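*Asks:* Sharing a structure below in structure tokens format, with a few things to ask.
The values are calculated or read from the model by the stated rules, or taken from the named source; none is laboratory data. From a predicted model like this one, the values you see are computed outputs, not experimental measurements. No Cβ is skipped: glycine too gets one built from the backbone with ideal geometry, and neighbour counts run over all protein chains shown.
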Amino acid sequence: MSYPFDAPYDCDRCPRLRSFLEEKKLELPEYYNGPVPSFGDSDPQLLVVGLAPGLHGANQTGRPFTGDWAGDLLYAALAEYGFSNDKYDKHAKDGLKLHGAMITNAVRCVPPQNKPVGAECNNCRPFLTDQIEALPSLKVIMTLGKISHDNTVRAMGLRLKDYPFGHHKTYDLPDGKTLISSYHCSRYNTNTRRLTEEMFYEVFADIRERLG
């Protein structure tokens, strides 16, 4: 399922990303290989914003954070704090449903080496702006990593100097929403202990308390 604020499958705003996807369609024809649509409750209170689809994760399955280590940790946390039916099994037909939460990415297409460039972030940002504005019940936005955080701040027309990134940094926004940032739940961050499961769950505990 895709939403009106998601990028169309044939989006060509970013030539480098489009070319990369065309290559992957030939190399990995069984993969989704397109802008990955948002996933979750259509009227969420929580929006989780990641960086971009992983090549062998969301770009394969067509669902954010599905099929890689980051998704294992993220979906476990969502289940632990009551945001899902706990059916995650690393593929898009596992029966998983989110309750009160939606997941998306700041950049909707997989970038080479998992690193989008600034122009690609800029090109994709209007989708995130439209998404935030289209969710009437949204109360909390959780950003995973600095690039996601900075893109989300900019998507809302706010200044980065007023909302700097930091793990478990919490900001009350002018429109009444709350912005909470976290280190990205990547394998690298967890392997190096920059982010532990306990640290990640503490952010979700804070979110759950805020939402009730």
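*Asks:* Residue 125: within 16 Å of the chain's Cα centre (by Cα), assigned to a loop (DSSP other than H, G, I, E, B) and among the basic types (Lys, Arg), yes or no?
*Replies:* For residue 125, the condition - within 16 Å of the chain's Cα centre (by Cα), assigned to a loop (DSSP other than H, G, I, E, B) and among the basic types (Lys, Arg) - is not met.
*Asks:* Mind checking which residues of the range 54-81 are surrounded by fewer than 19 Cβ atoms within 10 Å (Cβ to Cβ) and at pLDDT below 95?
*Replies:* Answer for the range 54-81, where residues must be surrounded by fewer than 19 Cβ atoms within 10 Å (Cβ to Cβ) and at pLDDT below 95: just 69.
*Asks:* Using the structure shown, decide if residue 7 is under 27 Å from residue 196 (Cβ atoms) and touching a residue at least 40 places away in the same chain (Cβ under 8 Å).
*Replies:* So residue 7 does not fit the description; no.
*Asks:* Among the residues of the range 161-176 satisfying the criterion of being assigned to a loop (DSSP other than H, G, I, E, B) and among the charged types (D, E, K, R), which is surrounded by the fewest Cβ atoms within 10 Å (Cβ to Cβ)?
*Replies:* 175
*Asks:* Let me ask you something else. Of all the residues that make up the range 5-29, how many are of a type in the set (Gly, Ala, Ser) and in contact with a Gly (Cβ under 9 Å, 6 or more places away or on another chain)?
*Replies:* 1
*Asks:* Of the residues that make up the range 42-49, is at least one closer than 27 Å to residue 203 by Cβ, surrounded by fewer than 22 Cβ atoms within 10 Å (Cβ to Cβ) and small (Gly, Ala, Ser)?
*Replies:* yes
*Asks:* When you scan the range 82-96, do you find a residue that is surrounded by 22 or more Cβ atoms within 10 Å (Cβ to Cβ) and either charged (D, E, K, R) or in contact (Cβ under 8 Å) with a residue 24 or more places away in the chain (or both), even just one?
*Replies:* The answer is yes; a qualifying residue exists.
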